[in-house]
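This report refers to the structure that appears directly beneath it.
The values are calculated or read from the model by the stated rules, or taken from the named source; none is laboratory data. Computed from a prediction, not measured in an experiment: that's the story for all the values here. Counting neighbours? That spans all protein chains shown, and the Cβs are built from the backbone with ideal geometry, glycine included. Just the protein is used for accessible areas: all its heavy atoms, side chains included, with ligands, DNA and RNA removed. Shrake-Rupley method; radii C 1.70, N 1.55, O 1.52, S 1.80 Å.
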Protein chains: 4
Amino acid sequence: MKKAIVIAGSRGIGKAISDSLESLDCKVISTSQKELDTSNLENVKEFTKKNSETDILVLNTGGPPGKKFSEINEEDWQKYHNQLFLGFCTILQKMKINDGGYIFVITSGVIKEPDESLIISSAYRLAFTSVIKLLSKTYAEKNISCINIAPGPFNTDRTKELGGNIEEIEKSLPMKRLGEPKEIGNFVKAIVEYNIKYLSGVTINFDGALSNYVL
Amino acid sequence: MKKAIVIAGSRGIGKAISDSLESLDCKVISTSQKELDTSNLENVKEFTKKNSETDILVLNTGGPPGKKFSEINEEDWQKYHNQLFLGFCTILQKMKINDGGYIFVITSGVIKEPDESLIISSAYRLAFTSVIKLLSKTYAEKNISCINIAPGPFNTDRTKELGGNIEEIEKSLPMKRLGEPKEIGNFVKAIVEYNIKYLSGVTINFDGALSNYVL
Amino acid sequence: MKKAIVIAGSRGIGKAISDSLESLDCKVISTSQKELDTSNLENVKEFTKKNSETDILVLNTGGPPGKKFSEINEEDWQKYHNQLFLGFCTILQKMKINDGGYIFVITSGVIKEPDESLIISSAYRLAFTSVIKLLSKTYAEKNISCINIAPGPFNTDRTKELGGNIEEIEKSLPMKRLGEPKEIGNFVKAIVEYNIKYLSGVTINFDGALSNYVL
Amino acid sequence: MKKAIVIAGSRGIGKAISDSLESLDCKVISTSQKELDTSNLENVKEFTKKNSETDILVLNTGGPPGKKFSEINEEDWQKYHNQLFLGFCTILQKMKINDGGYIFVITSGVIKEPDESLIISSAYRLAFTSVIKLLSKTYAEKNISCINIAPGPFNTDRTKELGGNIEEIEKSLPMKRLGEPKEIGNFVKAIVEYNIKYLSGVTINFDGALSNYVL
């Protein structure tokens, strides 16, 4: 039986992945923000002491509220540097991924097309994208695949919190709807279920044809 | 029962996709190069007359032999312009994809990191990537997903034909092996099986952590 | 005295480059579309017979009128394949660039963010971007620099021909104005004047902060 | 007379830019690491109190020594987060760039093609690339241009410090030589001298045709 750890797996896309891995008969440890606050490095280190290895790791986390560049203070930068970047690096430095395992990172479409109101998220999630890209080459030697999923607008609490009229947003999207967390849940499930390993070191836009960049 | 058309589905990655779709109980029409030569536009038009609609379309084709830029003649350019670009455009102009369907394009890692000896393939496959990216937005309105898969080095006849010592190549790869066509076959199968639709307008590097570009 | 050849140098950005190179005391051969129609390969070959070498080559050309994908016919594809791609490849195959020279390619912002109404241009200009990227490595051995400039909306006849209310367009742009051809003219001039050679194998968005892609 | 501030302008590429701006008759304030340590945020804030506005700002800084991912400790992350990212954000939050001005950022080729031994630099410089891309749109309203230059291997102390046999490195490069800081110095000078403003929101690979990514 495979072991999976899903960070921020209590709601939204994280929960959908958690559920889908459970349906594969994995033993899933899924953390809520209360159980593991990735902006708190001590908290992260404690967690990795208790959970020192896994077969499947899903690095997921919420983002900060929208803020203009001029309004971001040092505390914001430091907190989300931890939450969106350094907490994940710490987990990867301290947790063993078993041979033949998987690391899924859930970032955001803003890594490719940064968003003015989500500047913190755009920057730090992109920084972590660079890290996971590099590490994918080392992990490859142990047959561990690293897959970065960059979701566009999804039907999650997060999207609602960011505000805006959901109906209006949906009308503006190519598919006239938000993505459903289950779609990413099933995507992750399928990769694991079919033991697809050669998909690694990749960032996958998962945005219903929304982005405009050619590649 | 869904209908699938797989161009160049008689061997390699095309065959693996064809087989995997058949295992999903799709009715698969799979063409060999003899049955449909996409470098011959008349041939393409005839084919689309007989096969005027489908649920799933897989646009796959072999590439040209390696050639230096200085050695490529006008005939080469014209032939592979048809085979790698215009033949596919013609199919998309003339074939109806049914609502809720899929278009999978199999290109190559050389679209992102072009290869000197595969200059024709690098250029025209990239041109088609631009076309499918644009069309993904139109197809989205009909709930049709467009997914461009860009394979790295795979265990196919094509790879052997391109020459080089396969063992040496494998040693140089992050995963110490070529990709297996079945991995892409299963990937395509999973997308269809789980009805994942929000993955669209995307180019997916499928290269075992080989590429160096961050995104 | 350096020799420069500027294709489509009779108006717009091409003319601005032509003028700026003349101000550097280069001997500039600047062609209008009448003098050299790059969609006509015979015409191109004749031209390269008469102009078999140069120090500076500027590959510039107009684009096709806007057309929907469904409306593009085979003649369109073939004509603009020649004009936007194969004509330029032919020139590079037949014309000698002298050691220490420059190749400037003027493409378009649509190579990175393709435009639905400019699908032909988006695709073929991107294909040529792949070619020049590859060739930059070979030319580097002779100290020849290859620079691909991808302009956004500029104040040219072309922009006016594509239609739309220019004032409205300007209001929507980050700088509230179109680019001035002279800005690219001066850019090219400066590279040559200061003999900057290490800038090569690069695509430079020249779009007044319009594009949204991070890199 | 224009005012320019060049961070880390006492040697290497920073010095070349500083010198070239002086030759344009700018009043240049060029800081050494002793004078302004961008890893020290208090230091940065003091600096911006004394230097609260400028016409031209050059954001340049050295990078960390090479280190494997597993060897990077929390102190390293925090220090270089400040030096490569947060210090620059702080400067931009606190320093006024005068209308019609310029911001040049000197990053590195590792933002596009990350380097295993320069993982910190790859990640944080890329994060800052996202920030400057976003800000370029706001600055555009004041006719301020933001230009990110991503150098490949240059003939600087930094390159020597990173080790390796310089002669061997040179042989492996497309141009068989390192870039000369003066080339970037002249490039920056030319942009300012010719008042080129429409080049903004762009990352410019400046690497002698070294990188392999198509765009």
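For each pair in B:67/B:96; A:45/A:79; A:49/D:112; D:34/D:79, compute the distance between the two Cα atoms and list the pairs where it is over 25 Å. Walk me through the intermediate numbers first.
Details: B:67/B:96 36 Å; A:45/A:79 16 Å; A:49/D:112 34 Å; D:34/D:79 16 Å.
Over 25 Å Cα-Cα: B:67/B:96; A:49/D:112.
Over the Cα atoms of chain C, Rg to Rh with Kirkwood Rh, two decimal places?
On the way: Rg = 16.5 Å, Rh = 17.5 Å.
We get a ratio of 0.95 for chain C.
Report the label-to-label distance for residue C:79 and residue A:25 in nanometres (one decimal), using points 7 Å from each Cα along the Cα→Cβ vector.
6.3
In debye to the nearest 20, how big a dipole does region C:105-215 give about its Cα centre with +1 on each Lys and Arg Cβ and -1 on each Asp and Glu Cβ?
Details: 13 positive and 13 negative charges, 95 e Å.
In debye, rounded to 20, region C:105-215 gives about 460.
Where Rh is the Kirkwood radius over the Cα pairs of region B:114-160, the temperature 4 °C and the viscosity 1.567 mPa s, what D in µm²/s does Stokes-Einstein return? Before the final figure, lay out the partial values.
Values: Rh = 12.6 Å.
The Stokes-Einstein estimate is 103 µm²/s.
Across region B:152-213, how many lysine pairs, 8 or more apart or on two chains, come within less than 28 Å at their alpha-carbon atoms?
Working: B:160/B:171; B:160/B:176; B:160/B:182; B:160/B:189; B:171/B:182; B:176/B:189; B:182/B:197; B:189/B:197.
Value for region B:152-213: 8.
What relative contact order, as a whole-number percentage, does region A:60-122 give when Cα pairs under 8 Å and 6 or more residues apart are counted? Kindly include the intermediate steps, with their values, before the conclusion.
Details: 38 pairs, mean separation 36.9, N = 63.
Normalised by residue count, the contact order of region A:60-122 is 59 percent.
Could you work out the mean projected area of the convex hull around the alpha carbons of region B:131-215, in square nanometres to one decimal? Write down the numbers at each step before the final one.
Values: hull surface 27.2 nm².
Its Cα hull, projected and averaged over all orientations, spans 6.8 nm².
Using the Kirkwood radius over Cα pairs, work out the Stokes-Einstein diffusion coefficient for the protein assembly as shown at 10 °C and 1.306 mPa s, in µm²/s as a whole number.
Values: Rh = 27.6 Å.
D, rounded to a whole number, is 58 µm²/s.
How well do other chains shield peptide C:66-75, expressed as the mean number of their Cβ atoms within 10 Å of each residue Cβ? Numbers along the way, then the final one.
Working: counts 0, 0, 1, 7, 4, 1, 2, 1, 6, 0.
Partner Cβ neighbours, averaged per residue: 2.
About the Cα centre of the protein assembly as shown, what is the dipole size in debye to 20, counting +1 per Lys and Arg Cβ and -1 per Asp and Glu Cβ, all else neutral? Please list the in-between numbers first.
Numbers: 108 positive and 108 negative charges, 0 e Å.
Here the protein assembly as shown has a charge dipole of around 0 debye.
When each copy gets a label point 7 Å from Cα toward the beta-carbon at residue D:76, what are the spacings between them in nm, shortest first?
From this label point to the equivalent ones elsewhere in the assembly: 3.0, 4.6, 5.5 nm.
Treating only the Cβ atoms of Lys and Arg (+1) and Asp and Glu (-1) as charged, compute the dipole magnitude of region D:65-166 about its Cα centre; round to the nearest 20 debye. Please report the intermediate quantities before stating the final value.
Working: 12 positive and 11 negative charges, 77 e Å.
Dipole size: approximately 360 debye.
Can you tell me what the convex hull of the Cα atoms of region C:86-196 projects to on average, as an area in nm²?
Values: hull surface 31.8 nm².
That works out to 8.0 nm².
As an exercise, take the mean of 1/r over every pair of distinct alpha carbons in region A:1-41, invert it, and state the Kirkwood radius in angstroms. If you can, show how the numbers build up before the last one.
On the way: mean 1/r = 0.0977 Å⁻¹.
That comes to 10.2 Å for region A:1-41.
Where the centre of each part is set by its Cα atoms, how far does region A:120-196 sit from region D:173-191, in angstrom?
Going from one Cα centre to the other spans 39 Å.
Based on alpha-carbon centroids, what's the gap between region D:71-86 and region B:1-40 in Å, whole number please?
52
Using label points projected 7 Å from each Cα along Cα→Cβ, tell me how many nm separate residue B:96 and residue A:69, to one decimal.
Calculated label separation equals 5.0 nm.
As a test of the definition: with a 1.4 Å probe, what buried accessible area, both sides summed, do you compute for A against D, in Å² to the nearest 100?
Working: alone 11270 and 11270 Å², together 19830 Å².
Between A and D, the summed buried area is about 2700 Å².
Cα convex hull of region C:28-146: mean projected area in nm², to one decimal?
On the way: hull surface 29.1 nm².
So the Cα hull casts an average projection of 7.3 nm².
Tell me, for the rotation carrying A onto D, which chain A residue has the beta-carbon closest to the axis and what that distance is in whole Å.
A:127, 2
Could you sort C:59-70, D:61-72 so that the peptide with the highest average Cβ count within 10 Å comes first and the rest follow in order? Mind showing how you got there, number by number?
Values: C:59-70: 17.5, D:61-72: 15.6.
Per-residue mean Cβ counts within 10 Å order the peptides as C:59-70, D:61-72.
Under 5 Å between amide H atoms, partner at least 5 residues away or on a different chain: which partners does residue C:28 have, H built in plane at 1.01 Å?
Under 5 Å from the amide H of residue C:28 lie the amide H atoms of C:4, each far enough along the sequence or on another chain.
Measuring label to label, 7 Å along Cα→Cβ, what does residue C:65 give against each other copy in nm, shortest first?
4.4, 5.4, 6.7
Quote the FRET efficiency, to the nearest 0.05, computed for residue A:53 versus residue B:11 with a Förster distance R0 of 41 Å and r equal to the Cβ-Cβ distance. Please list the in-between numbers first.
On the way: r = 41 Å, r/R0 = 1.00.
It comes to 0.50.
Using a label point 7 Å beyond Cα on the Cα-Cβ vector, give me the inter-copy distances for residue C:115 in nanometres, one decimal, shortest first.
Copy-to-copy label distances for residue C:115: 2.6, 3.4, 3.8 nm.
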